[in-house]
Amino acid sequence: MKGVVLISGSGSNLQSIIDNASIIDLKIEAVISNNKDAFGLQRAQKSNTPTHSIDHKSFSSREKFDQRLSQLIDQYNPDIIILAGFMRILTAEFTQKYTGKIINIHPSLLPKFQGLNTHQRALDAGEKEHGASVHFVTSELDGGPIIAQSSVEVLIEDTVESLAKRVLIEEHKLFPKVIHWYTQGRLKLSGSNATLDGKIL
């Protein structure tokens, strides 16, 4: 299947997808960032993947940025849109247009800790477990149907950095696996539920 990946930063999840692309039946048509300095763009270029950057600050509204982003995505006619550390809240118009085709990875065990600073918040809350979630994207921030999760134990000596590092290792394993379910035609959004092989997750 053809995919477009959206990023904002270093692109470590993008790298795990690039490294596994042939195994998970994915052809990455383009990588798009809202940050022209995102290191992930260099990762994509090294793999000969077309890259684009659109500076959200040059648009007068979130809607206008999303419209331009949508125009660019549509040039590639992707089967799946993958948010791999894309740090933008998408408008309802955008998410509804691509319903069932957008998936995101989030560094928490959703529905806990939607939004930013998830590792610090998990430590502050005294969580025993933390991790990552992959979910379908809807108009609700980090609120779409959860597809899969991977967890790590929170250690007494953990810092934000040490916890984030362990969670990232899990993300790099989890995300390609979920993408492969999608490219195999096994993973779908059915109403308000994520289903795998026809069974609600």
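Spread over its residues, the convex hull of the C-alpha atoms of the range 85-201 is 98 Å³ per residue. Toward the positive end of the charge dipole of the range 15-103, with +1 on the Cβ of Lys and Arg and -1 on the Cβ of Asp and Glu, the farthest Cα among Ala38, Leu69, Gln96 is that of Ala38. Structural descriptor for the chain: relative contact order 19 percent, calculated from alpha carbon pairs under 8 angstrom and at least 6 residues apart. For Leu116, what charge total do you get from the other residues with a beta carbon under 15 Å from its beta carbon, if Lys and Arg give +1 and Asp and Glu give -1? Overall, the nearby charge balance is +1. Of all the stretches in the chain, which is the longest one without any exposed loop site, taking GluC sites (Glu not before Pro) in a DSSP loop (any state but H, G, I, E, B) with at most 12 other Cβ atoms within 10 Å? Answer - 1-139. The accessible area of Met1, taken with all protein chains in place and a 1.4 Å probe, comes to roughly 80 Å².
Which net charge results when you count Lys and Arg as +1 and Asp and Glu as -1 among the other residues whose beta-carbon is under 9 Å from that of His130? Neighbour charge sum, excluding His130 itself: -1. In terms of distances greater than 19 angstrom between alpha carbons, the cross-link table entries Lys36/Lys165; Lys128/Lys177; Lys97/Lys188; Lys27/Lys177 yield Lys36/Lys165; Lys128/Lys177. Taken about its Cα centre, the chain carries a charge dipole of about 480 debye when Lys and Arg each add +1 at the Cβ and Asp and Glu each add -1 at the Cβ. In this structure the amide hydrogen of Thr51, modeled in the peptide plane, comes within under 5 Å of the amide hydrogens of Val31, none closer than 5 places in sequence on its chain. For Lys101, a cut-off of 12 angstrom between C-alpha atoms picks up these aspartates and glutamates, skipping any fewer than 8 places away in its own chain: Asp79.
The values are calculated or read from the model by the stated rules, or taken from the named source; none is laboratory data. Nothing here was measured: the structure is a model prediction, and the numbers come from that model. Ideal geometry is used to build each Cβ from the backbone, glycine not excepted, and the neighbour counts take in all protein chains shown. Areas reflect the complete protein model, heavy atoms only, side chains present, ligands, DNA and RNA absent. Shrake-Rupley method; radii C 1.70, N 1.55, O 1.52, S 1.80 Å.
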